[in-house]
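Chemist: Mind looking over this structure? Questions follow.
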Amino acid sequence: MDDKKIPATPETRKSLYENMGKTIEYSSAVLRKIILINGALNPNTENINHKILEALLSLEIFNQYFNIELASILRACFRANLPAEKRYNIKYINCIITESYKYLYGYRSLINKSLWVSKIKPLLEIINEQDFNQDFSVLENYIVEFGKRNITNKDKRDLSFHYDSEPLSVYQMLMELSEEDEVQRMICFMDLLQNISVFTLKYIKKHELQKHETVLNYTFTLSDLDIFKNNKDTLCSTLENVIDNHSERLDKFVRQQNIPGWIKQQFKDVDDEMITPFHQFSELGKVAIQLTYIYLDLASAIRAFLTSEYTMEKQLSLKQINTIAYEGFNKLYGLNANPENSFWSKYITPLVAGNTDQSLCNDYEVLSEGLLKLKQEIRKLDEQRQLSVHYHEGIVKVYNMVLDLNPIEEFQKALQLLDILPKVLNFCTKCLHVIELMNQASHEKRMASTYKTIDNIIDILRKVPNSQQKTEMIKDLEKFKTGEFFDEIIKLGIK
């Protein structure tokens, strides 16, 4: 983080939090009204004013919707007490801005299909006025320059939404996140949204297009009910403990990933065969890291839902839960016909395929059956997931999907995933024990050499200055010798 940046005071954060709440309340009402007006227009009419209105309302729908979504994410971040929970919320600011800009103006081949080019630019031929031409040019330049300033980051967007086959890349992205930087990113984009709103409202008013009355009825959603029967505070506290515990374990698993590379770097004469067990453990550790991401993401999104004040805040949290369940399971097991890149296919299946332990093979078959069954359920989320991540089908369709989300159904899907995660983790632990027994029985000489290498490493480590890293490294190496290296994985289930 830049040392010159001055952290916001508690008073400033409170004021910003409350203002974001007012934005959600105001924009939710405005958004619903203009969607109803827009829906009532006849797309086939030859009325020039209707064509102008339809285009400008589409732009204002875009503006109001993303005001709500960004405000909701920032408020969830501000409500979070733990750094891990803050990170798992604030990473979506970049995602939302990236996808919204893609919808507004796009990049390269997408520009011609963008909202601006397909809907707003044709107004130059309809509104033959100098003021409009000038305002259009100024705003278009602003939009284009925004895209050139590298305010968004596609790589971080991909890691946030889709995770990665190398889980340490996700971890590095999370550790590099800065609340100050993400808020600045958001401020830049909301300034663009404000300029868009000034433009749309000016010409709606100028062409007397605001005289479209509509009756607004309150839209009731199940999120307005106390579906947890006043146990919300208890559940929030439990989830906070889950986030705290799992973030600590994540840090430990990540440190363990560095052991094979560290040994190779420190001891040049150590051959690859000698540290093969470390690599095997490291690969199963990647599965544990990925599962921990799913736990943390789901717990953070559920807490965001429980602590929200406004209906749209809650519904947008359900959208996040939906996306996490889909993308998390896809990375774990795969949702396509050929899921070779899933953690299950890359790290679990090869271990079992080369093993003769019947108990391990039986457990693998049972767990595979459960994962395949869950896959059929998760696949049903495909359309919702597409609308949750991308906006190319239109903001109105996304908005309607978000409003229709049923918290009971979404939580049920999340619970189905959370139910199977401990079983996968337990199976990983069993794999590790079987691998160790196999190594000891079939490669006693090689393992003896490996243990000697470990003892030498520990002796050298004891001579270096004391540090937390030194203590953790010695502890991990000793656990490897006793077979306890990954036993703590079994404790990862949500309590």
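Chemist: Run the 1.4 Å probe and let me know the accessible area of LYS205, rounded to the nearest 10 Å².
Modeler: Estimated to the nearest 10 Å², LYS205 gives 140 Å².
Chemist: Could you provide, to the nearest whole Å², the per residue accessible area of segment 1-159 with probe 1.4 Å?
Modeler: Accessible area per residue: 50 Å².
Chemist: Restricting to DSSP loop positions (anything but H, G, I, E, B) with no more than 16 other Cβ atoms inside 10 Å of their own Cβ, which GluC sites (Glu not before Pro) remain in segment 75-136?
Modeler: Those that pass, being in a loop and sparsely packed, are GLU129.
Chemist: Okay, next question. With every protein chain left in place and a probe of 1.4 Å, what is the accessible surface of HIS390, to the nearest 10 Å²?
Modeler: 40 Å²
Chemist: If Lys and Arg each add +1 and Asp and Glu each add -1, what is the summed charge of the other residues whose beta carbon sits under 13 Å from the beta carbon of ARG149?
Modeler: My count for the surroundings of ARG149 gives 0.
Chemist: In addition: How far, in nm, would the chain grow between LYS14 and ASN400 when pulled straight, counting 0.36 nm per residue and subtracting the alpha carbon separation?
Modeler: 135.9 nm
Chemist: Hey, another quick one. Work out how much length ARG379 to ASN141 would gain on full extension: take 0.36 nm times their residue separation and subtract the Cα-Cα distance, in nm to one decimal.
Modeler: Residue separation times 0.36 nm, minus the Cα-Cα distance, leaves 81.5 nm.
Chemist: Now for a separate question. Could you compute the net charge surrounding TYR391? Neighbours are other residues with a C-beta less than 11 Å from the C-beta of TYR391; K and R count +1, D and E count -1.
Modeler: Charge balance in the 11 Å sphere: -1.
Chemist: With every protein chain left in place and a probe of 1.4 Å, what is the accessible surface of CYS236, to the nearest 10 Å²?
Modeler: 10 Å²
Chemist: Going 7 Å from the Cα of GLU129 along its beta-carbon direction, which residues of segment 171-205 have the amide nitrogen within less than 18 Å of the resulting point?
Modeler: Flagged as within label range: 196-205.
Chemist: Summing Lys, Arg as +1 and Asp, Glu as -1, what charge do residues with Cβ under 14 Å from the Cβ of LYS22 carry, LYS22 excluded?
Modeler: -2
Chemist: Give me the one-decimal nm value for the distance between modelled label points at LYS475 and LYS121, 7 Å along each residue's Cα-to-Cβ direction.
Modeler: 6.0 nm
Chemist: Using a 7 Å offset from the Cα along the Cα-to-Cβ direction at both HIS390 and TYR26, what is the distance between the two label points in nm, to one decimal?
Modeler: It works out to 3.4 nm between the two label points.
Chemist: Once phi is turned into θ = phi - 60°, what whole-Hz ³J(HN,Hα) does the Karplus curve with 6.51, -1.76 and 1.60 give for every residue of segment 165-181, x standing for Gly and Pro?
Modeler: Taking θ as phi minus 60°, the curve returns 5, 10, x, 5, 5, 5, 4, 4, 4, 5, 5, 7, 5, 10, 4, 4, 5 Hz for segment 165-181.
Chemist: Treat each spin label as a single point 7 Å out from the Cα along the C-beta direction, and report the LEU41 to GLN416 distance in nm.
Modeler: 4.0 nm
Chemist: Can you give the FRET efficiency for GLU166 and ASN49, using 1/(1 + (r/R0)^6), R0 = 60 Å, r = Cβ-Cβ distance, to the nearest 0.05?
Modeler: Given R0 = 60 Å and the Cβ-Cβ separation, E is 0.65.
Chemist: Given the Cα-Cα distance of ASN355 and ARG108 and 0.36 nm per residue of separation, how much length would full extension add, in nm?
Modeler: Separation in residues times 0.36 nm, less the Cα-Cα distance, equals 83.9 nm.
Chemist: Leaving ligands and nucleic acids out of the surface, order LYS91, LYS33 by accessible area at 1.4 Å, largest first.
Modeler: Ranking LYS91, LYS33 by accessible area, largest first, yields LYS33, LYS91.
The values are calculated or read from the model by the stated rules, or taken from the named source; none is laboratory data. This one's a predicted model, so the numbers in the text were calculated from it and none came from an experiment. Using ideal geometry, Cβ is built from the backbone for each residue, glycine included, and neighbour counts are taken over all protein chains shown. These accessible areas exclude ligands, DNA and RNA; they are computed on the full protein's heavy atoms, side chains included. Shrake-Rupley method; radii C 1.70, N 1.55, O 1.52, S 1.80 Å.
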